[in-house]
Number of protein chains: 2
Amino acid sequence: MAVTIYDVAREANVSMATVSRVVNGNPNVKPATRKKVTACIERLGYRPNAVARGLASRKTTTVGVIVPDISKSYYAELSRGIADVATMYEYNIILSNSDKRPLREMELIEDHLGKQVDGLIFMSDSISDDVRKEMNSANIPIVLAGTLDSKFEFPTVNIENKEAAHAAVNELIENDHKRIAFISGPFSRDINRLSKKTGYEEAMAEAGLSIPEGYIVETDNTYDDAYEVWNRLKKLPEPPTAVFAGNDEIAVGLMNGIRDAGLAVPNDIELICFQHSILARAVRPQLTAIRVPLYDLGAVSMRLLTKLMNGEEVDQKQVVLPYQLEQRDSVRSN
Amino acid sequence: MAVTIYDVAREANVSMATVSRVVNGNPNVKPATRKKVTACIERLGYRPNAVARGLASRKTTTVGVIVPDISKSYYAELSRGIADVATMYEYNIILSNSDKRPLREMELIEDHLGKQVDGLIFMSDSISDDVRKEMNSANIPIVLAGTLDSKFEFPTVNIENKEAAHAAVNELIENDHKRIAFISGPFSRDINRLSKKTGYEEAMAEAGLSIPEGYIVETDNTYDDAYEVWNRLKKLPEPPTAVFAGNDEIAVGLMNGIRDAGLAVPNDIELICFQHSILARAVRPQLTAIRVPLYDLGAVSMRLLTKLMNGEEVDQKQVVLPYQLEQRDSVRSN
DNA sequence: GTGAAAGCGCTAACAG
DNA sequence: CTGTTAGCGCTTTCAC
């Protein structure tokens, strides 16, 4: 049996209310009393029971984090940003993986609400109607991190993915490419379809370039799947001379496919992508890429959540962080 | 105010005890009653309060996971294994980052105990005496995942790192290398000093090879630090012709350093390492490596923890998982 | 099968 | 400044 606040109270000859006060740093305690109580706490090895505290105070100092897959560096990096700010504000994190399955996402939200989290950070590639409804009926603040909310209902921290995609494609266009392909993750996900693909299409249209059949390739977002893509691309009547990839993992898969087909990046094919991990820098040639500030996305999301949990007024609920285009070696410099 | 078990009881004209029974699947409820209660639960949208339940039952169905840095793919992958098994057994996970700082590790253990986790999975590169003491005095089961316990006090799930290092170096020796260097993470950490370095030294000794001054290089485990290593190695009186690296991130750093110095892997230098991420496969040449079954390490750890939390007898508390040596292109095949 | 009642360990008024 | 007293929402005997 663990030692309780009551044990400390008896030992120190005070009431449990007083012990509670010193534990919670309430200033209304005489220094002498505080010292006596502190000593007893130390001696007995008292450790406050956060569960009891949570029940009594209706706050758990715990936030839920629902992430598609923590083993993906994109989310791992983001989560680290969340965790660091959470620590700073003395919150714990309950972390769950959804695999982007709407049903699972629903269950997890329910589950986290049952655990009485004080707030929730949600990440996914799309928000299904059911999930949206579920989140709308939750009585706690929810922040979307690195996640597109096509209806702008929830507080969100993000970069301008569409604009970034546009800028990336422009790099290729400026190098006089006319035949630019786009290799993407699944279009079932808003971020791929609504942001990156649209950015690509806009940039192409703006430059008066057409997008031939087969230039837009949907993959399952894995290295292995992307590795096979060049085999298809090269058989096109007019194969692309440059490719914009949705992230660095598929860019590297593609690049290795290109190389193993006897071509070279950037000499034969130029390549640009979104950077989610160290991969973009570790391969040779290093990939020219849109760097997504993942850690910051997480940190800012959590900071926003703390404000919301505190009931502070937040003027800007749709936070946009800057991205950076990093010139490296998969696109020739002008 | 959320709806409570009491609201449901009144609505269904039963006692809260009965509602509790149906919520918990207790068979001692007449089917008709169960149905009636279930209907009310549905109608009112009742969701059990896990905090209250935790206080009353003294079980939170939550386990703590203390990890050095979730943004590192090593731990991210491991955590995914933990999380999946946790989900399977209906546990939630509180995830915290320690950055391998013993003081922080202590705080986190305290913190998690305060939150009344039912069990704890701990990961680090070393276990300090204070942390050891802290864990010994905890009243809940603790499992070390992918973490060396030099005193064999705690349940552990691991691979034979020393043996694996030995095997890796042997690959190089079999290719007739006499001058083999070892590039490692910090030796302040048991796993580097006691396992990998010892395995390297044993293999070298066994083959009658000496280890010249400067052949053992300590890095801070980062790509960038490793990138600089070749500049030092090449200035040695007799530069190595092969290198064993503690993990793939530093192996890639080193390899790029080698390449940028005008040499080629594997033609000039052969390279083998522990594989922690997709990096080993994504770079060219692909790295011959010891594959660490990270996901399984996590999954088995969590499974072991569930047994311990259930009070089941566990005969084997030091679980050893097999590793695999994957032949790829940074070591020439014989 | 079901209900009543006693806590779980703590916070939060409210007195004094 | 300190103590008393209700709960927080649920589980868990123990009766019936």
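List of remarks:
- Residues whose placed amide H lies under 5 Å from that of B:ILE159, excluding near-sequence neighbours: B:LEU321
- Here the stretch A:161-291 exposes an accessible surface that is 45 percent carbon and sulfur, computed with a 1.4 Å probe and the other protein chains kept in place.
- The relative contact order of chain A, computed from alpha carbon pairs under 8 Å that lie at least 6 residues apart in sequence, is 17 percent.
- Under 5 Å between amide hydrogens, built in the peptide plane, is the criterion, and for B:PHE182 it picks out B:ILE216, B:VAL217, B:PHE244 among residues at least 5 positions away or on other chains.
- Cβ-vector label at 7 Å, A:LEU325, separations to other copies in nm: 4.8
- Beta bridges by DSSP in chain A, antiparallel share as percent, to the nearest 5: 10
- Accessible area buried at the B-A interface, both sides summed, 1.4 Å probe (Å², nearest 100): 4200
- Charge dipole (Cα centre; +1 on Lys/Arg Cβ, -1 on Asp/Glu Cβ; no other charges) of the stretch B:5-48 amounts to roughly 140 debye.
- Each other residue within a Cβ distance under 14 Å of B:THR61 adds +1 if Lys or Arg and -1 if Asp or Glu, for a net charge of +2.
- Considering only alpha-carbon pairs that sit under 8 angstrom and 6 or more positions apart, the relative contact order computed for the stretch A:199-334 is 20 percent.
- Scalar couplings 3J(HN,Hα) for the stretch A:259-269, obtained by applying the Karplus form with A = 6.51, B = -1.76, C = 1.60 to θ = phi - 60°, are 5, 5, 8, x, 9, 10, 9, x, 4, 9, 10 Hz; x denotes Gly and Pro.
- Amide H to amide H distances under 5 Å link B:LEU271 with B:VAL243, B:VAL331, where only residues 5 or more positions off or on other chains count and H is placed in the peptide plane.
- Rh (Kirkwood; distinct C-alpha pairs) - the stretch B:22-176, Å: 18.4
- The stretch between B:THR33 and B:SER15, if pulled fully straight at 0.36 nm per residue, gains 5.4 nm over its current Cα-Cα span.
- Accessible area of B:CYS273 in the full protein assembly, 1.4 Å probe (Å², nearest 10): 0
- 3J(HN,Hα) along the stretch A:298-313, derived from phi through the Karplus expression 6.51 cos²θ - 1.76 cosθ + 1.60 where θ = phi - 60°, amounts to x, 4, 5, 4, 5, 4, 4, 4, 4, 4, 4, 5, 7, x, 6, 6 Hz, with x in place of Gly and Pro.
- The antiparallel fraction among DSSP beta bridges confined to the stretch A:235-334 stands at about 25%.
- Per residue, the stretch A:161-291 exposes 36 Å² of accessible surface when a 1.4 Å probe is rolled over the protein heavy atoms with every protein chain present.
- Axis of helix A:31-44 versus longest Cα principal axis of chain A: the two differ by about 70°, to the nearest ten degrees.
- Spatial separation of Cα centroids for the stretch B:1-55 and the stretch B:74-114, in angstrom: 32
- The calculated FRET efficiency for B:ASN231 paired with B:ALA207, based on their beta-carbon distance and R0 = 25 Å, is about 0.35.
- Relative contact order (%) - the stretch A:5-48, alpha-carbon pairs under 8 angstrom, separation at least six: 41
- Rounded to the nearest 20 debye, the dipole size of the stretch B:272-334 about its Cα centre is 360 debye, using +1 on the Cβ of Lys and Arg and -1 on the Cβ of Asp and Glu.
- Gaussian network model of chain B, springs between alpha carbon atoms under 10 Å - residue of B:PRO68, B:PRO141, B:PRO48 with greatest fluctuation: B:PRO48
- Estimated [θ] at 222 nm from DSSP helical runs (n ≥ 4, -39500 (n - 2.57)) normalised by residues in chain A, nearest 500: -12500 deg cm²/dmol
- Within 10 Å of the Cβ of each residue in B:93-103, the mean number of Cβ atoms contributed by other protein chains is 3.
- For the stretch A:209-276, the alpha carbon positions stretch 30, 23, 18 Å along the principal axes, listed from largest to smallest.
- Considering only A:GLY208, A:MET309, A:PRO285, and ranking their Cα positions along the charge dipole of the stretch A:191-334 that arises from unit charges at the beta-carbon of Lys, Arg, Asp and Glu, the one farthest toward the positive end is A:PRO285.
- Pairs beyond 24 Å (Cα-Cα), from A:LYS178/A:LYS235; A:LYS151/A:LYS196; A:LYS317/B:LYS72; A:LYS72/A:LYS151; A:LYS196/A:LYS307; A:LYS59/B:LYS115: A:LYS317/B:LYS72; A:LYS72/A:LYS151; A:LYS196/A:LYS307
- A dipole drawn for the protein assembly as shown from +1 and -1 charges on Cβ atoms has a positive end, and of A:ILE109, A:SER184, B:THR61 the residue lying farthest that way is B:THR61.
- Reduction of at least 30 Å² in accessible surface, 1.4 Å probe, comparing all protein chains with the chain by itself, residues of the stretch A:263-284: A:ILE278, A:LEU279, A:ARG281, A:ALA282, A:ARG284
- Of the solvent-accessible surface of the stretch A:5-48, computed with a 1.4 Å probe and all protein chains present, 51% belongs to carbon and sulfur.
- Test item: Cα-centred dipole of chain B, Lys/Arg +1 and Asp/Glu -1 on Cβ, debye: 1800
- An ellipsoid equivalent to the stretch B:161-291, defined through the eigenvalues of its Cα gyration tensor, has semi-axes of 19, 17, 15 Å when rounded to whole angstrom and sorted largest first.
- Judged by the ratio a/c of the largest to the smallest principal axis of the C-alpha gyration tensor, the protein assembly as shown counts as oblate, that ratio being 1.5 or greater while a/b is no larger than b/c.
- Charge-dipole axis of the stretch A:5-48 as Lys and Arg at +1 and Asp and Glu at -1 on Cβ define it, positive-most pick from A:PRO27, A:THR38, A:ALA17: A:PRO27
- At least 30 Å² of accessible area lost relative to the chain alone, listed for the stretch A:29-57 with a 1.4 Å probe: A:ARG47, A:ASN49, A:ALA50, A:VAL51, A:LEU55
- Longest segment of chain B lacking GluC sites (Glu not before Pro) that sit in a DSSP loop with at most 14 other Cβ atoms within 10 Å: B:1-89
- List A:LEU325, B:LEU103, ordered by accessible area with a 1.4 Å probe, largest first: B:LEU103, A:LEU325
The values are calculated or read from the model by the stated rules, or taken from the named source; none is laboratory data. Remember, it's a predicted structure, so these values are computed and weren't measured experimentally. Neighbour counts are summed over all protein chains in view; Cβ atoms, including those assigned to glycine, are modelled from backbone coordinates with ideal geometry. In case anyone asks, the SASA skips ligands and DNA or RNA and just uses the protein heavy atoms, side chains included. Shrake-Rupley method; radii C 1.70, N 1.55, O 1.52, S 1.80 Å.
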